[in-house]
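*Asks:* I am attaching a structure below and will ask some questions about it afterwards.
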Amino acid sequence: MKIAFVGKGGSGKTTLSSLFIRHLAANEAPVVAVDADINQHLGAALGLDEAEAAALPAMGAHLPLIKDYLRGTNPRIPSAEKMIKTTPPGTGSRLLRVCEDNPVYEACARTVRLDDGDIRLMATGPFTESDLGVSCYHSKVGAVELCLNHLVDGPEEYVVVDMTAGSDSFASGMFTRFDMTFLVAEPTRKGVSVYRQYKEYARDFGIALKVIGNKVQGQDDVDFLREEVGDDLLVTVGHSNWVRGMEKGRPTRFELLEAENRMSLQTLQNAAEDSYAHRDWERYTRQMVHFHLKNAESWGNAKTGADLASQVDPAFVLCEHSAVPQPS
């Protein structure tokens with residue numbers, strides 16, 4: 001399943017996504033984790049020290065390799081230079097799978113050893129000083145979107161993406177790439193404002209959205225969240241001494257996380273697994289094409305000097321059984 005964690009800055013989005021990743025690893029689920037937030041804190045939340053986190057390869061820096069690999073022998077894409085972040089797969093495209101080795105993972109992913117198993121971690125790369133005034137962070141996230149467009153995953157495999165904060169996720173079509181979106185909200189007016197934006201934007205796209213109430217201190221906080229988000233409130237999380245230790249760089253073994261918080265994480269996994277029954281690969285592919293055509297008309301055709309609508313393969317539907325051609 002493809003899972004997104006979203007929320008306003010400071011809501012605890014990265015912390016909760018890292019806990020969920022640890023929980024999945026403890027349950028022996030294969031996991032590819034992706035840090036798509038501008039602040040790039042997921043590596044540290046998963047236990048990497050400063051040097052290790054800084055050494056993570058930036059997906060954006062490997063975009064030519066990613067494009068060249070994914071286009072495969074697709075006759076509709078004459079070169080990697082003619083691909084943009086929304087280019088959909090078609091006949092001949094190479095696809096990515098969670099449990100495989102390929103040049104994209106080799107260049108962009110690193111294995112992170114957790115207490116109860118290993119996961120693959122990928123990162124968009126930080127927004128650097130040289131980008132100021134000349135670059136948009138969404139261009140860096142484009143590498144993630146392109147990979148998600150070409151990724152097929154099964155019911156017990158997970159791709160967990162820590163998204164950029166706030167409603168910036170809607171600057172591209174990436175918000176439609178997920179089986180489940182967990183929105184982390186504090187029990188405050190500002191905390192639920194991003195939820196209202198997300199709910200409104202996602203209304204017409206069939207987005208599965210559940211709210212995690214974070215930093216909850218009592219029943220009044222729970223009641224407030226329930227009044228504001230209704231049945232979308234899936235679970236609430238309170239203070240955690242384990243998390244405090246992790247944030248100080250002194251984490252104990254994950255098995256010592258408080259029982260109530262372990263139960264909350266299991267509730268998240270149950271909701272993610274339940275979403276599998278509602279997968280609609282035809283709608284998924286249709287939405288992918290929709291955003292590609294919008295981007296092509298808006299800026300892609302002018303940037304590449306090509307009619308990018310011709311990249312759409314009308315007979316192709318991405319699904320778990322899509323064929324993956326072997327590299328030549």
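The values are calculated or read from the model by the stated rules, or taken from the named source; none is laboratory data. Since the structure is predicted, the reported quantities are computational estimates derived from the model, not experimental observations. So basically every Cβ, Gly included, is an ideal-geometry build from the backbone, and we count neighbours across all protein chains shown. Heads up: the accessible areas ignore ligands, DNA and RNA and are worked out on the full protein's heavy atoms, side chains in. Shrake-Rupley method; radii C 1.70, N 1.55, O 1.52, S 1.80 Å.
*Asks:* Using helices alone, I'd like the mean residue ellipticity at 222 nm for the chain: each DSSP H run of four-plus residues gives -39500 (n - 2.57), total over residue count, nearest 500. Could the numbers behind the result be given before it?
*Replies:* Values: 12 runs with 119 residues, N = 328.
Estimated from H runs of four or more residues: -10500 deg cm²/dmol.
*Asks:* May I ask you to give the solvent-accessible area per residue for the chain, in square angstrom, as obtained with a 1.4 angstrom probe? Mind dumping the intermediate values first?
*Replies:* On the way: 14840 Å² over 328 residues.
It amounts to 45 Å² per residue over the chain.
*Asks:* While we're here: Return the ratio Rg/(2.2 N^0.38 Å) for the chain, where Rg is computed over Cα atoms only. Can you show the working numbers first?
*Replies:* Details: Rg = 19.4 Å, N = 328, 2.2 N^0.38 = 19.9 Å.
For the chain, the normalised Cα radius of gyration is 0.97.
*Asks:* Heavy atoms only, probe 1.4 angstrom, no DNA, RNA or ligands counted: give me Cys147, Cys319 ranked by accessible area, highest first.
*Replies:* Sorted descending by solvent-accessible area, the residues read Cys319, Cys147.
*Asks:* List the residues whose amide H sits under 5 Å from the amide H of Thr236, counting only those 5 or more places along or on another chain, with H placed 1.01 Å from N in the peptide plane.
*Replies:* For Thr236, the qualifying residues are Gly213.
*Asks:* Using alpha-carbon pairs under 8 Å, 6+ residues apart, how would you state the relative contact order of the chain in percent? Working shown, then result.
*Replies:* Values: 565 pairs, mean separation 89.2, N = 328.
Computed value for the chain: 27 percent relative contact order.
*Asks:* If R₀ is 51 angstrom, what is the calculated FRET efficiency for the pair Ala80 and Glu247, using the beta carbon separation as r and rounding to 0.05?
*Replies:* Values: r = 41 Å, r/R0 = 0.80.
It comes to 0.80.
*Asks:* Keeping the other protein chains in place, figure out the carbon and sulfur percent of the accessible area of segment 1-94, with a 1.4 Å probe. Each step should come with its number before you reach the end.
*Replies:* On the way: 1700 of 3240 Å².
Carbon and sulfur: 52 percent of the exposed surface of segment 1-94.
*Asks:* What value does segment 1-118 have for Rg/Rh, both radii from Cα atoms and Rh as Kirkwood defines it? Present the calculation step by step, with values, prior to reporting the outcome.
*Replies:* On the way: Rg = 16.0 Å, Rh = 16.0 Å.
Reported Rg/Rh (Cα atoms, Kirkwood Rh): 1.00.
*Asks:* Just reorder Phe20, Phe178, Phe224 by solvent-accessible area, largest first, 1.4 Å probe, all chains present.
*Replies:* Details: Phe20 0, Phe178 20, Phe224 50 Å².
Largest accessible area first, the list is Phe224, Phe178, Phe20.
*Asks:* How about Lys13: which aspartates and glutamates have a C-alpha closer than 16 Å to its C-alpha, ignoring those fewer than 8 places off in the same chain?
*Replies:* Straight-line reach from Lys13, under 16 Å: Asp35, Asp37, Asp162, Asp168, Glu186, Glu247.
*Asks:* Assuming 0.36 nm per residue, please report the length gained on full extension of the stretch Gln219 to Ala315 beyond their Cα-Cα distance.
*Replies:* Numbers: separation 96, 0.36 × 96 = 34.56 nm, distance 5.25 nm.
Result for the pair: 29.3 nm of gain on full extension.
*Asks:* Heavy atoms only, probe 1.4 angstrom, no DNA, RNA or ligands counted: give me Met83, Met246, Met263 ranked by accessible area, highest first. Don't skip to the answer; put the middle values down first.
*Replies:* On the way: Met83 0, Met246 25, Met263 135 Å².
Ranked list, largest accessible area first: Met263, Met246, Met83.
*Asks:* Same structure, new question: Within the chain, which complete DSSP H helices have Cα atoms spanning at least 18 Å along the helix axis and a mean Kyte-Doolittle hydropathy of 0.0 or higher?
*Replies:* Values: long enough: 13-26 (20 Å, 0.55); 137-149 (19 Å, 0.28); 189-202 (20 Å, -1.34); 259-275 (24 Å, -0.96); 281-295 (21 Å, -1.33).
Those that clear 18 Å and a mean of 0.0 are 13-26, 137-149.
*Asks:* Put one equal scatterer on each alpha carbon of segment 159-274, apply the Debye formula with no solvent term, and list log10 I(q)/I(0) at q = 0.10, 0.14, 0.17, 0.20 1/Å to two decimals.
*Replies:* -0.33, -0.65, -0.93, -1.21
*Asks:* Can you count the Lys pairs in segment 174-328 with C-alpha separation below 23 Å, eight or more apart or on different chains?
*Replies:* Working: Lys190/Lys199; Lys190/Lys210; Lys190/Lys215; Lys199/Lys210; Lys199/Lys215; Lys199/Lys294; Lys215/Lys248; Lys294/Lys303.
Qualifying lysine pairs in segment 174-328: 8.
*Asks:* How many angstrom lie between the C-alpha centres of segment 66-126 and segment 1-63?
*Replies:* Spelled out, the Cα-based centre of one part sits 17 Å from the other.
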